[in-house]
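Asks: I have a structure I would like to understand better, so I am pasting it below and will then ask my questions one at a time.
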Amino acid sequence: MSDMNAVPDILCGLRVCHFLKHAPWLWWRRELWKLHYLAEPVDTLDEFWSHSWRLSAWTKYVNVLFLKHTLPACLMSLLFAAVAYVLFLMGLLPEWTQGPYPCSWCSFSAAGAYVLTMLFCRRHARVFLDVACIKQDDPVLKAQGLLSLGAWLKRSKSLLVLWDPSFTLRLWCAFEFGAFLYSHPKDAKLTVVPPLQGAICLGSQLTVAAALALSHMGKDLEMLKNVILAVVFFPCAILLTHGLRAYWRSIEVMKHQAAVFSFEKAQCDCCERGRHEGGLCDKDIIGKCVIAWFGSIESFENRVRMEMQVALAYQLAHAAFSYHRMVAAMIPWLWLQMDLSASHDGEWTMWTRWVELSRAVTIMFGIYPCTMKLLCHTTFLLRAKYCRTYVDLLLSAVAAASHLYAATWLITLEEYIVWFLVDHSHGPVYGAVISWFMWSIVTLLLWKCLPVLHCMSRVQHQPVPVRCVPDC
């Protein structure tokens, strides 16, 4: 282990598709160790999955599902929506008579394609997952697997961290993180995923899809639909805002934990359970490797304090909220806009359809990411927690309401630019082009010029204080 070489015939990897297909059933039966029988011998791995066993299994699964399948699912849904759009305009698909829009084919076909792709897409990348690649029911093979961990890290092209607040406290997690950076000094590819990112993004898609289904309900239910959307949507916005504020606080806690990382105080299961008589402690094994690789325990601690804090903070505060992930969370809304565009008829139909599609693209790829970026910065500035729960929730509600008001105002401004700015017979066409260029520039400037959130706060050497209202 100290020279990052493996015990002969021990290296293996698990295909992502096998994990996504079999893990839920094996987890339900409490037989996750059987994933080992699906692992294959490898020379190199596409990814090393590092995680804390304290993080719930379902959040890890949903995060992996979101990371690996969302992009192909979004692309397939747009392809099917585009095909349905063309077929409807050609008169090859019948009109939908049960709702307000003659065309509903884009939404239904895209939703079907999205679900099927999420369920049956096969990603053959081979990864390291400890429960699958290290045999759990054989003490000898398990020990050999642990001794070969350095070889797995060295032969992995990238590192995926399924992060949770206990990650920086666990010795094995810190060791895997530091060892990967040590073995890839120039080409370390790192991805860090917050615990609920997959659940929130997929939940956002389901919420938008549910709103989409309501939009295609009967024409006589407009008032009921609006009430349902208002009752469901605003509480969800408050919960999202409240969760983001808590998320920024957890990053501050992580930075404090990483800044004071200590090899001796780091947690490991064998010490918590009590060392078996005559058995080796994880700290003994890791300590020898650390001294062989880094020269001393102190050198390893200093490197972890510096590199883990910077890398995790950047990934969690910046990369986790990347542009394409924000857009993917709202992809069902674009399906509905394609139905609206295809449903136009009468005079000037072709240009109206083009204008509606252009507006949908502008809102989807411009206004929405901008408002979400501003929401992230707002919740970051308001991240301090108040002692009284109702005050804390009220602050989140005010922030959510302000965000929704700003988003509504921006969409209204976009609508005015498209339909009323240019006084010409083809004014909406010119207005759509102007709006598209304007919001493209605004989006580019906003994403390039706003400071990176993890750089806006200093390194935390003390726990994050709880702010109290005067009468607390």
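Asks: Long-range amide H contacts for R123: which residues qualify at under 5 Å (H placed 1.01 Å from N, peptide plane, sequence gap of 5 or more or a different chain)?
Replies: Counting only residues 5 or more places away or on other chains, the set is C17.
Asks: What ranking of E298, E176 emerges when the number of other C-beta atoms within 10 Å of each C-beta is taken as an exposure proxy, fewest first?
Replies: Working: E298 11, E176 26.
Fewest to most other Cβ atoms nearby, the residues stand as E298, E176.
Asks: Continuing with this model, one more query. Could you tell me whether segment 341-428 comes out rounded, prolate or oblate from its Cα gyration tensor? Rule is a ≥ b ≥ c as square roots of the eigenvalues, rounded for a/c under 1.5, then prolate if a/b exceeds b/c, otherwise oblate.
Replies: Details: a/c = 3.55, a/b = 3.31, b/c = 1.07.
Here segment 341-428 falls in the prolate category.
Asks: Under the 0.36 nm per residue contour assumption, what length would be gained going from the current alpha-carbon distance of V115 and M306 to full extension? Before the final figure, lay out the partial values.
Replies: Working: separation 191, 0.36 × 191 = 68.76 nm, distance 4.19 nm.
Going from the current span to full extension adds 64.6 nm.
Asks: In debye, nearest 20, what is the charge dipole magnitude of the chain about its Cα centre with +1 on Lys and Arg Cβ and -1 on Asp and Glu Cβ, if you could check? Write out the running numbers ahead of the final one.
Replies: Values: 41 positive and 35 negative charges, 177 e Å.
Using only the charged Cβ atoms, the result is roughly 840 debye.
Asks: Right, here's the next one. For segment 133-274, report the translational diffusion coefficient in µm²/s to the nearest whole number, using Stokes-Einstein at 20 °C, 1.002 mPa s, and a Kirkwood Rh over Cα pairs.
Replies: On the way: Rh = 19.2 Å.
Translational D for this selection: 111 µm²/s.
Asks: Suppose R0 equals 22 Å; then what is the FRET efficiency for D138 and D284 from their Cβ-Cβ distance, rounded to the nearest 0.05? Walk me through the intermediate numbers first.
Replies: Working: r = 21 Å, r/R0 = 0.95.
That gives a FRET efficiency of 0.60.
Asks: Considering amide H positions built from the backbone, and no H for Pro or chain starts, which residues 5 or more places from F48, or on another chain, come under 5 Å of its amide H?
Replies: Here F128, S158, L159, L160 satisfy the definition.
Asks: Could you give me D for the chain, from Stokes-Einstein at 20 °C and 1.002 mPa s, where the hydrodynamic radius is the Kirkwood radius over C-alpha pairs? Units µm² s⁻¹, please. Mind dumping the intermediate values first?
Replies: Values: Rh = 25.1 Å.
Translational diffusion coefficient: 85 µm²/s.
Asks: Between A57 and S402, take the C-beta separation as r, use R0 = 45 Å, and let me know the FRET efficiency to the nearest 0.05.
Replies: For A57 and S402, the calculated efficiency is 0.75.
Asks: While we're looking at this one, here's another question. K157: net charge of surrounding residues, Cβ under 9 Å, Lys/Arg +1, Asp/Glu -1, itself excluded? Spell out each step's value before the answer.
Replies: Numbers: positive: R155, K189; negative: D46, E47, D187.
Summing Lys and Arg as +1 and Asp and Glu as -1 gives -1.
Asks: Next question, about the same structure. Along its three principal axes, how long is segment 108-201 when you only count alpha carbons? Whole Å, largest extent first please.
Replies: If we take the Cα atoms of segment 108-201, the spans are 51, 30, 27 Å.
Asks: Need the list of lysines near K288 for cross-linking: C-alpha distance under 22 angstrom, and skip anything on the same chain fewer than eight residues off.
Replies: K142, K154, K265
Asks: For the residue pair S440 and H424, what label-to-label distance in nm results when each label sits 7 Å from Cα along the Cα-to-beta-carbon direction?
Replies: It is 1.8 nm.
Asks: If you don't mind, there's one more thing I want to ask. Report the full-extension gain for the segment L92 to L79: residue separation times 0.36 nm, less the Cα-Cα distance, to one decimal in nm.
Replies: On the way: separation 13, 0.36 × 13 = 4.68 nm, distance 1.72 nm.
Extra length available between L92 and L79 comes to 3.0 nm.
Asks: Also, quick follow-up: Please sort by residue number the GluC sites (Glu not before Pro) in segment 242-272 whose DSSP state is loop and whose Cβ has at most 16 other Cβ atoms within 10 Å. It would help to have the intermediate numbers written out before the result.
Replies: Numbers: sites: E252, E264, E272; in loops: E264.
Within segment 242-272, the qualifying GluC sites (Glu not before Pro) (loop, at most 16 other Cβ atoms within 10 Å) are E264.
Asks: Sort T352, T59 so the one with the fewest other Cβ atoms within 10 Å of its own Cβ comes first. Walk me through the intermediate numbers first.
Replies: Working: T352 16, T59 19.
Arranged by neighbour count, lowest to highest, T352, T59 become T352, T59.
Asks: Compute the signed sum of charges (Lys and Arg +1, Asp and Glu -1) over the other residues within less than 11 Å, Cβ to Cβ, of A432. Could you put the intermediate results ahead of the total?
Replies: Values: positive: R359; negative: E356, E414, E415.
Net of charged neighbours comes to -2.
Asks: What distance in nm separates the two pseudo spin-label positions at K448 and V260, each 7 Å out from Cα along the beta-carbon direction?
Replies: Result for the modelled spin labels: 4.2 nm.
Asks: Give me K265, K135 ranked fewest to most by other Cβ atoms within 10 Å of their Cβ, as a rough exposure proxy.
Replies: Numbers: K265 9, K135 20.
Ascending Cβ contact count within 10 Å gives the list K265, K135.
Asks: Could you calculate the FRET efficiency of A230 with I297 from 1/(1 + (r/R0)^6), where r is the beta carbon distance between them and R0 is 51 Å, rounded to 0.05?
Replies: On the way: r = 58 Å, r/R0 = 1.13.
Given R0 = 51 Å and the Cβ-Cβ separation, E is 0.30.
Asks: Can you give me the Rg/Rh ratio for segment 224-270, using Cα atoms for both radii and the Kirkwood formula for Rh?
Replies: Rounded to two decimals, Rg over Rh is 1.39.
Asks: Sort 39-52, 152-165 by the packing proxy (mean of other Cβ within 10 Å over each peptide's residues), most packed first.
Replies: Working: 39-52: 18.6, 152-165: 21.6.
Highest mean packing first, the order is 152-165, 39-52.
Throughout, read-outs are computed from the coordinates displayed, never taken from laboratory work. All figures in this text were calculated on a predicted structure; none of them were measured in a lab. We place every Cβ from the backbone using ideal geometry, glycine too, and count neighbours over all the protein chains shown.
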